[in-house]
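Peer 1: For reference, the structure I am asking about is given below.
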Amino acid sequence: MPLLLVTMKTQTYNNKLIGAVMVVGGGITGIQAAMDLSEAGYYVYLVERSSAIGGIMAGLDKTFPTNDCAI
Amino acid sequence: MEAGRSPNIKIITNAEIKEVSGIAGNFFVKILCYPRYVDATKCTGCGVCAQYCPVTIPDPYNQNLSLKKAIDIQYTQAVPSSYSVNPDYCLFLNRKECKQCTRACQTGAINFDQKAEVSEYHVGSIIMATGFKECDAGSIESYGYKDSQNIVTGLEFERISSASGPYMGKILRPSDLKKPQKIAFIQCAGSRTQISGKSYCSSVCCKYAVKDAIVALEHEPDLDITIFFMDMRLYGKGFETFYERARKSGVTFIRSRVSEIKHDKDTEDLAIEYIKEDGTLHHDTFNLIVLPMGLEPHKENYSLAKTAGIKLNTHGFFQTGLFNPLNTIREGIYVAGGCKGPMPLPDSVMQASGAAVCASELLKKSRGMLITEKAFAEEISIDQEDLRIGVFVCNCGKNIGGVVDVAGVKKYAETLPGVVVSTDNVYSCSEDTQALIKETVINEKLNRVVVAACTPRTHEPLFQTTIREAGLNKCLFEMVNIRDQCSWVHAYEKEEATQKAKDLIRMAVAKAGLIQPLAEPVIEIIPKALVIGGGLAGMTAALSLAEQGFECYLIEKTSVLGGNLRNIHYTLEGEDPKLYLNELIDKVNNHNLINVITESEVESVNGFVGNFHTVITGANHGTDREELKHGIIILANGAAVYEPDEYLYGKSENVLLQHVLEERIASGQFIPAEEDSVVMIQCVGSRDDNHSYCSSICCSMAIKNALKIKEINPATNVYILYRDMRPYGFHEDFYKDARDRGVVFIRYDVKHKPEVTEIDGGVRVTVRDPIINKDVVIDAKILALSTAIIPRKDEKLGKALSVTKSAEGFFLESHVQLKPVDSYVDGIYICGMSQFPKPIDESIFQAKAAASQASILLARGYVKTEPIVSSCDTDKCIGCGICEYFCPYNAIKMTRINKKRKAEIVVAACKGCGVCSSYCPAKAINMGRFTDDQILAQIKAFGDSRE
């Protein structure tokens, strides 16, 4: 969503609280926070330093104890 | 991947925060976005650019064990799936020559004119989740990590054993790519040290070393693996059994800290000397050594904390409080995960949910203002159309492709009746394959889709969403698991595995011919919650829901709120638990949306997600039974303290439970004198035949009380008899403090438990010290027992709710790592010590996480159920009622239609288990997606001749 639209909408609906959250870090923690927030009704900007989200977990082979694929 | 698809999440990569201004609810954040040099809207992810790129660089995704190009993608399933240029290595960006990629790219996506840009965003809250990094192995000079290729870090070993890793899942050592026969893991590399690394315990290395050892043995059962450790810290749910499993599968554990590694330049082998606990010196040589490195904060935390106006702790992680584990000093900015300290994965996930709910409490008035619902194209009607089946076969990198002849399977699938197209893909779960599937469905006018890949348990929803986006009903989908059932179990029988994959696909295609679109029933949710248990976790969850605007019933069995927290009088961190508890109780009691009901118990629970009816009884109701209606349940009924029948407990008044000692110290009933000795015995009833698990909190509790005694009177003698000291994370610092202050720690072996006899004015404790191999005799005034934390035996509640429990008797989460607060029943969430023993801060963030998951449902107001429910053909139904009897979910009710008894399915409660269908003597009940016809077609296809 373009910045302009966000600003306009919030001014129309609410003077104080912005219904958007910025999550800094695109690892499993950041992704989980972003998913929860978007499902709970908030717009999310997920900011990641590298070129793709996933973080350290994307590099793990298998996870305890079910040996499920980490992706 | 799911995050990449949400219309309400904007992913901004190659970006960092430059400035934060404003106040809670109303922040302005400036973000500096570095260029990718690839236009993400044009890039198809085909990878031709990387083929032409002449620059080869080490691949950080594979821990630099393999190579990649200067234009590349992080990993195959990366989101976003577009390539990007590494500006440090690109020839054009550094020397103005080359541009091979620009010429190679078919879509003109490469754009070297892109510049770094600053943009400003307006948000209500900020969540920091920047993670951690592995400590630098090179900094431990005596190990010589830089001099030998055959010393690898834990993360490097993860990539070595990964099927998508540099050696395609073969366990090889880097120097000569030969299989190492002897592997050693050296624990506490970079952790628990004052010299080269961090003073704290990194919490996760023991766990992942054991996991890596087990996985390596699964790859190569004849490996000889030794783990050198100081204390094995396998605290937490399920880990003690995992430790046991490793020992049984032949992993050797040696208690010793290895100080030096010597390299043999000719053989590339590694020699170590170590001293065992009994003082004997040993030598051994290994082919490969793994250093499960500790975790440390990113250096960038300093600048980030400055930018955001928040604080770091002494170790360089983001600072939080014991009772506010997700809050920073700046209102509206929250932190979660590895950036606030080392922690295992489920904790990160829970903190993420918890931080999300903190933001939600703050911004509740503007919930839903800025989001858009995901819109799907109208479903295509498939009535009276000829079968057009598409089959997509997955290589899963080498995971499937390394065993099964995927190209052959794909060709075979083309010959099956009804199949119009078949493809093979490297990773079917990647973003580009989703685009391919969507495109193929539309172009080939497919009306059934079969994916042969991994397990539907984790990946079916992804593919169903994809075909739904292409206009197909999500039930026009079949998934075949050719990973678990072919390439994994038949890893050494390649031909047979391929044949089996073909058989399974033939069966799925036969079934696909009969599948029909099904509707998803929508259930409304009563926007109220029931929280069971008025301890710390229950109160935290209730308060969080109420703060978000949801009405809440909070039921407590006793007459007072507070639970186990009432037994805590002081904390290691120094924060006052009494003060916090009283404030919390006040807030809960005075909140107009929380209805606190004390001295009450749950008698029965009926209904299903969105629509529960709970009957409670208790002192305040007299003989009346009160019925509550609510949409969700949060279980937080805590845990109890184990009372042992050993060590003279109950027989001598000098033998106490650890929390009773705490109470006596706090109240002044016990004032430690100079001549007094206090002995504490750890693991009483934990990690033994009574309770197989580690209770996680007792080591820190013992250290806390020992330090308190030393604070009151430094001359009092304190002895802690332990098996492994497990004060994980930053509590390690307090362990060191206790040793510095003269608390004596003596290890005992479970085979030689301490012996206790009564003497005048106290007890005599005799323990075998393994270091001197002699008995130590201590006459003590007080013996405090750190006993196990055990699940509450609440039979009434257990009967009322059919929530699955783990072998230990605690509530079981539906996925240990990724769904740590969901129970196996939809709409019921678990938190606090009823899930597993845990310290204060962990209870709080878990309660917040449960509130987060619950509030998502309550805010949405409805839930869609899976269409795999059963349906009853009332013409065939003979009204025998056997289905009602066998249904484990109370999802069948017998009703009367035209005066005849008939079965009626309560769709919302049905879980699709199929018990009713298999028992029905009249074959009147059919399962959505698993009808008799479909299953028979599958069986018949299995018998059909192969090829």
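The values are calculated or read from the model by the stated rules, or taken from the named source; none is laboratory data. Model, not experiment: these values are computed from the prediction. A quick note on method: Cβ atoms are made from the backbone with ideal geometry, for glycine too, and the neighbour counts reach across all protein chains shown. These area figures cover heavy atoms from the full protein model, side chains too; ligands, DNA and RNA do not enter into them. Shrake-Rupley method; radii C 1.70, N 1.55, O 1.52, S 1.80 Å.
Peer 1: By its C-alpha gyration tensor, with a ≥ b ≥ c as the square roots of the eigenvalues, how is the stretch B:793-947 shaped: rounded for a/c under 1.5, else prolate for a/b larger than b/c, else oblate?
Peer 2: Prolate.
Peer 1: Now for a different question. HN-Hα J couplings of the stretch B:123-137 from phi, Karplus 6.51/-1.76/1.60, θ = phi - 60°, integer Hz, Gly and Pro as x?
Peer 2: 9, x, 8, 10, 10, 8, 9, 8, x, 9, 9, 6, 4, 6, 5
Peer 1: Moving on. Take every residue in peptide B:127-139, count the Cβ atoms of other chains within 10 Å of its Cβ, and give the average of those counts.
Peer 2: 5
Peer 1: I would also like to ask the following. For residue B:370, list long-range residues whose amide hydrogen, built 1.01 Å from N in the peptide plane, is under 5 Å from its own amide hydrogen.
Peer 2: Here the answer is A:43, since their amide H atoms fall under 5 Å of that of residue B:370.
Peer 1: Over the heavy atoms of residue B:459, what accessible area does a 1.4 Å probe trace out, to the nearest 10 Å²?
Peer 2: 20
Peer 1: How much mean residue ellipticity at 222 nm does chain B get from its helices, if each DSSP H run of length 4 or more adds -39500 (n - 2.57) and you divide by all residues, to the nearest 500 deg cm²/dmol?
Peer 2: Taking each H run of at least 4 residues, the total per residue is -7500 deg cm²/dmol.
Peer 1: Right, something else. As a test of reading the structure, rank B:257, B:468, B:448 by solvent-accessible area (1.4 Å probe, protein chains only), most first.
Peer 2: B:257, B:468, B:448
Peer 1: What's the total accessible area buried between chains B and A, using a 1.4 Å probe, rounded to the nearest 100 Å²? Could the numbers behind the result be given before it?
Peer 2: On the way: alone 43350 and 5910 Å², together 42670 Å².
For B against A, buried area totals roughly 6600 Å².
Peer 1: With θ set to phi - 60°, apply the Karplus curve 6.51 cos²θ - 1.76 cosθ + 1.60 along the stretch B:109-118 and write out the HN-Hα couplings as whole Hz, x wherever there is a Gly or Pro.
Peer 2: Ordered by residue, 3J(HN,Hα) equals 7, 7, 9, 7, 8, 4, 10, 5, 10, 9 Hz.
Peer 1: What shape does the stretch B:82-147 take by its C-alpha gyration tensor, where a ≥ b ≥ c are the square roots of the eigenvalues and a/c under 1.5 counts as rounded, a/b above b/c as prolate, and the rest as oblate?
Peer 2: Taking the square roots of the gyration eigenvalues as a ≥ b ≥ c, the stretch B:82-147 is oblate.
Peer 1: Just the accessible area per residue of chain B, please: how many Å² with a 1.4 Å probe?
Peer 2: 42
Peer 1: Also: Please give the solvent-accessible surface of residue B:153 in Å², to the nearest 10, using a probe radius of 1.4 Å with every protein chain present.
Peer 2: 10
Peer 1: Okay, moving on. Any idea what the relative contact order of chain B is, in percent, if you count C-alpha pairs under 8 Å spaced at least 6 apart?
Peer 2: Computed over chain B, the figure is 11 percent.
Peer 1: Tell me the relative contact order for the stretch B:653-710 as a rounded percent, counting alpha carbon contacts under 8 Å between residues six or more apart.
Peer 2: Values: 23 pairs, mean separation 19.5, N = 58.
Normalised by residue count, the contact order of the stretch B:653-710 is 34 percent.
Peer 1: Let me ask you something else. Relative contact order (percent) for the stretch B:513-645, with alpha-carbon contacts under 8 angstrom and 6 or more residues of separation?
Peer 2: Numbers: 246 pairs, mean separation 40.8, N = 133.
Contact order relative to length: 31 percent.
Peer 1: Oh, and also: Can you list residues from other chains, or at least 5 along the same chain, whose modelled amide H is less than 5 Å from the amide H of residue B:66?
Peer 2: B:59
Peer 1: Any of B:528/B:848; B:651/B:708; B:182/B:211; B:474/B:864; B:146/B:262 with alpha carbons more than 19 Å apart? Name them for me.
Peer 2: B:651/B:708
Peer 1: How large is ³J(HN,Hα), in whole Hz, for each residue of the stretch A:47-57 in order, when computed from phi with the Karplus curve 6.51 cos²θ - 1.76 cosθ + 1.60 and θ = phi - 60°, using x for Gly and Pro?
Peer 2: Here the 3J(HN,Hα) series is 9, 10, 6, 8, 8, 8, 7, x, x, 6, 4 Hz.
Peer 1: Nearest-5 percent of antiparallel DSSP beta bridges in chain B?
Peer 2: On the way: 79 of 148 bridges.
So the antiparallel bridges amount to about 55 percent of the total.
Peer 1: Follow-up. Using a 1.4 angstrom probe on the protein heavy atoms only, could you order B:630, B:752, B:219 from most to least accessible area?
Peer 2: In descending accessible area the options line up as B:752, B:219, B:630.
Peer 1: Same structure again: In debye, nearest 20: dipole of the protein assembly as shown around its Cα centre with unit charges on the Cβ of K, R (+) and D, E (-)?
Peer 2: Taking the Cα centre of the protein assembly as shown as origin, the dipole is about 1740 debye.
Peer 1: Could you list which residues have their amide H under 5 Å from that of residue B:657, counting only those 5 or more apart in sequence or on another chain, with H placed in the peptide plane?
Peer 2: So residue B:657 has HN proximity to B:785.
Peer 1: Roll a 1.4 angstrom probe over the protein heavy atoms and tell me the percent of accessible area of chain B that is carbon or sulfur.
Peer 2: Carbon and sulfur together cover 49 percent of it.
Peer 1: Averaged over peptide B:353-362, how many Cβ atoms belonging to another chain are found within 10 Å of each residue's Cβ?
Peer 2: For this peptide, the per-residue mean of nearby foreign Cβ atoms is 5.
Peer 1: May I pose another question? Please enumerate, by chain and number, the lysines with C-alpha under 22 Å from the C-alpha of residue B:900, excluding those fewer than 8 residues away in the same chain.
Peer 2: B:876, B:923
Peer 1: Using a 1.4 Å probe, how large is the accessible area of residue B:942, given in Å² and rounded to the nearest 10?
Peer 2: Per-residue accessible area (residue B:942): approximately 120 Å².
Peer 1: Now for a different question. Let me check something: with ligands and nucleic acids excluded, how do B:760, B:826, B:932 order by accessible area (1.4 Å probe), largest to smallest?
Peer 2: I get B:760, B:826, B:932, largest accessible area first.
Peer 1: Output the DSSP H helices from chain B with an along-axis C-alpha extent of no less than 15 Å and a mean Kyte-Doolittle hydropathy no less than 0.0.
Peer 2: Qualifying helices, which must be both long enough and hydrophobic enough, are B:205-219, B:345-362, B:536-547, B:698-712, B:840-860, B:932-943.
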